[in-house]
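Below you'll find the structure, written out as structure tokens, and then a few comments.
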Amino acid sequence: MTIADLAQPTSAPAPRPGRRGHSVVIGVSIALLLGAGGVTGATYYYDSVPLAESTVTHPVVTVAELPPAVANAFVAAVDPGFYSSDDSPLTRRYVEIAAGAEPGLRTRIMARKAESAYPKEEILERFLNRADYGRGAIGLVTAARTYFQKAPAQLSVPEAALLAVQLDPDHPAPKDGWEQILDTMVDRGWLSPGARDTFTYPA
């Protein structure tokens, strides 16, 4: 059983605002390529965009090592619709980090290729192991040690949520972001309301 299997919400999630817009942007851009250079030119451009790859030299963790709720704290912070999306902001974030790429059509194509090449769990794993968590901590292993002096697999859900705030694209205040992440996890069915009520903000 995978994290994605464990993480699926009990009811279908509402579509995220803007996802259709993202797909339209890609479609319009490809249409412009078709108009400018024909099918051959557009296909050549698409094929010329490589997969986003990078080598890490710091310690890494696999998603399989993490408790499902810990992994989902990061998903809740960055892209709650990650498991069901075919145009994932989390995947684009991974591509931008791995390829050192700026947002744009090329990045979106690389993200689409990554979605086709890797299962969701591997994309999440690659992202978590390359993300910047602040305090000079790159990668989840280093972040868990820096903030809590423990391995990622030993993180509690409240601790994972606090680390995940560092990755939130909206950059909320730490405690506000922490609360929002836990609430999102409850909404998605990744955390029970009863468990949520027992959590306190990590000191």
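The values are calculated or read from the model by the stated rules, or taken from the named source; none is laboratory data. None of these values were measured; they are calculated from a predicted model. Here Cβ is always computed from backbone atoms with ideal geometry, including for glycine, and neighbour counts include all displayed protein chains.
Within segment 6-18, is even one residue part of a helix (DSSP H, G or I) and either in contact with a strand residue (DSSP E or B) (Cβ under 8 Å, 6 or more places away or on another chain) or at pLDDT 50 or above (or both)?
no
Would you call Ala164 within 21 Å of Asp79 (Cβ to Cβ), in contact with a Leu (Cβ under 7 Å, 6 or more places away or on another chain) and at pLDDT 95 or above?
no
Specify which of the listed residues (Lys113, Lys150) is surrounded by fewer than 19 Cβ atoms within 10 Å (Cβ to Cβ) and under 22 Å from Ser84 (Cα atoms). Steps first, please.
Values: Lys150 fails: under 22 Å from Ser84 (Cα atoms).
Step by step, each of Lys113, Lys150 is checked, and only Lys113 is surrounded by fewer than 19 Cβ atoms within 10 Å (Cβ to Cβ) and under 22 Å from Ser84 (Cα atoms).
Here is a check on your reading of the model: is Ala195 out of contact with any Pro (no Cβ under 7 Å at 6 or more places or on another chain) and under 18 Å from Leu124 (Cα atoms)?
no
What are the residues in segment 102-128 that are without any contact (Cβ under 8 Å) to a residue 24 or more places away in the chain and within 11 Å of Arg92 (Cα to Cα), if any?
Glu102, Pro103, Gly104, Thr107
Condition check: crowded, with 17+ Cβ neighbours inside 10 Å and of a type in the set (D, E, K, R). Does Glu102 satisfy that?
On the way: crowded, with 17+ Cβ neighbours inside 10 Å: no; of a type in the set (D, E, K, R): yes.
It is false that Glu102 is crowded, with 17+ Cβ neighbours inside 10 Å and of a type in the set (D, E, K, R).
Looking only at segment 71-117, which residues are among the β-branched types (Val, Ile, Thr) and either closer than 16 Å to Asp168 by Cβ or touching an Asp or Glu at 6+ places or on another chain (Cβ under 8 Å) (or both)?
Once the filter is applied, which keeps residues that are among the β-branched types (Val, Ile, Thr) and either closer than 16 Å to Asp168 by Cβ or touching an Asp or Glu at 6+ places or on another chain (Cβ under 8 Å) (or both), segment 71-117 yields Val75, Val78, Thr91, Ile97, Thr107.
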